[in-house]
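**Student:** Submitted below is the structure of interest, expressed as structure tokens.
The values are calculated or read from the model by the stated rules, or taken from the named source; none is laboratory data. Note that the structure is predicted; figures quoted are calculated from it, not measured. Every residue, glycine as well, gets a Cβ built from its backbone with ideal geometry; the counts of neighbours run over all protein chains shown. Side chains included, ligands, DNA and RNA excluded: accessible areas come from the protein's heavy atoms. Shrake-Rupley method; radii C 1.70, N 1.55, O 1.52, S 1.80 Å.
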Amino acid sequence: MDLRLTSIADRLWQAERSGQAIAPIRDEIAAIGAADPVAAAYAIQKILTDRRVAQGQRLVGRKIGLTSLAVQKQLGVDSPDFGALFAEMAVGDGEEIAWSRLMQPKAEAEIALVLERDLPHERHTVADIIGATAYAVAAIEVVGSRISNWDIRLVDTVADNASSSLFVLGSRPVALSRLDLAGCGMRMDCGGEPVSVGVGAACLGNPLNAAVWLANTMVRVGSPLRAGDVLMTGALGPMAAVKPGNVFSAQIEGLGSVSAVFGQA
């Protein structure tokens with residue numbers, strides 16, 4: 001492993017623990033991994049993932065980011081990205097989130113899938129995803145950035161675990177056979193006022209398409225998705241900035257609601 005990548009990983013690690021964001025890292029990553037900066041960024045992410053596992057944290061799934069075509073265009077990319085989910089990142093529906101756990105937080109409503117079978121194939125189909133999924137739940141992802149002022153491009157966010165922070169799963173599991181994942185509407189409120197609206201089709205046309213991409217990608221990088229994994233499939237609408245004391249409630253058609261409650265600073 002290139003020690004320069006480890007050095008960048010160390011700075012991201014320290015930023016999360018100190019709560020002090022760092023300057024963008026994309027130019028350094030591009031200089032180190034000139035042939036493939038994205039691969040270098042994922043190498044940094046893996047250093048941090050392996051470090052969490054070595055410290056006893058439990059890997060419980062993956063998140064998919066950049067599923068909005070508008071956001072992809074903004075960052076100049078043509079595919080999603082992924083990050084790791086750990087049990088320590090999970091928050092109960094309606095459980096208060098201490099503000100000290102957050103860095104530049106934003107909230108986005110998503111559909112989460114929970115697997116009951118492994119996804120080991122080199123190429124998966126939507127049928128494979130449906131067959132491997134135990135149920136879906138409404139979810140809110142709390143994204144955050146260790147990069148100052150959210151001044152990010154693709155390699156910044158990839159290295160920073162796809163700008164992940166925490167996730168909240170709803171408590172109403174629903175079989176996929178009872179859902180229209182592409183057509184389901186979403187509304188997320190803060191303090192009773194709508195802050196984000198969207199639909200399942202906003203996530204690569206269908207959240208199952210995002211799951212196929214993730215399953216194939218994780219096999220390619222040597223970490224196939226396993227039974228029990230949680231898949232955060234990507235935002236159904238725009239993310240919303242979070243302020244201390246905010247309460248967000250997301251309603252997703254067919255899946256009910258899920259709430260993220262934020263403590264005071």
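**Student:** Out of 237, 198, report the one residue that is within 16 Å of residue 69 (Cα to Cα), in a loop (DSSP other than H, G, I, E, B), open to solvent by less than 30 Å² (accessible area, probe 1.4 Å) and small (Gly, Ala, Ser).
**Tutor:** It is 237.
**Student:** Continuing with the same structure: Tally the residues that are open to solvent by 10 Å² or more (accessible area, probe 1.4 Å) and outside any strand (DSSP E or B), restricting the search to segment 125-145.
**Tutor:** So the count comes out to 6.
**Student:** While we're looking at this one, here's another question. Can you tell me which of (1) assigned to a loop (DSSP other than H, G, I, E, B); (2) at negative phi; (3) out of contact with any helix residue (DSSP H, G or I) (no Cβ under 7 Å at 6 or more places or on another chain) is the one residue 77 doesn't meet?
**Tutor:** (3)
**Student:** Oh, and also: Taking residue 191 as meeting all but one of (1) at pLDDT below 95; (2) under 19 Å from residue 63 (Cα atoms); (3) of a type outside the set (S, T, N, Q), write down the number of the exception.
**Tutor:** With (1) at pLDDT below 95; (2) under 19 Å from residue 63 (Cα atoms); (3) of a type outside the set (S, T, N, Q) applied to residue 191, the lone miss is (2).
**Student:** Please state which one of 54, 70, 35, 40 is among the aliphatic types (A, V, I, L, M), at pLDDT 95 or above and out of contact with any Gly (no Cβ under 9 Å at 6 or more places or on another chain).
**Tutor:** 54
**Student:** Quick one: which residue in 122, 88, 110, 96 is surrounded by fewer than 15 Cβ atoms within 10 Å (Cβ to Cβ), touching a Gly at 6+ places or on another chain (Cβ under 8 Å) and among the acidic types (Asp, Glu)?
**Tutor:** Numbers: 122 fails: touching a Gly at 6+ places or on another chain (Cβ under 8 Å); 88 fails: touching a Gly at 6+ places or on another chain (Cβ under 8 Å); 110 fails: surrounded by fewer than 15 Cβ atoms within 10 Å (Cβ to Cβ).
The match here is 96.
**Student:** Do we find that residue 165 is open to solvent by 10 Å² or more (accessible area, probe 1.4 Å), closer than 16 Å to residue 84 by Cβ and without any contact (Cβ under 8 Å) to a residue 60 or more places away in the chain in this structure?
**Tutor:** no
**Student:** Could you please tell me which pairs satisfy a Cβ distance under 8 Å, a separation of 6+ or placement on different chains, a first residue in segment 240-254 that is touching a residue at least 24 places away in the same chain (Cβ under 8 Å), and a second residue that is open to solvent by less than 40 Å² (accessible area, probe 1.4 Å) and aromatic (Phe, Trp, Tyr)?
**Tutor:** These pairs meet every condition: 240/248; 242/248; 242/262; 244/262; 246/262; 247/262; 248/262.
**Student:** While we're on this one: Report the residue count in segment 168-195 for those that are part of a loop (DSSP other than H, G, I, E, B), open to solvent by 20 Å² or more (accessible area, probe 1.4 Å) and either charged (D, E, K, R) or in contact with a helix residue (DSSP H, G or I) (Cβ under 8 Å, 6 or more places away or on another chain) (or both).
**Tutor:** Count: 4.
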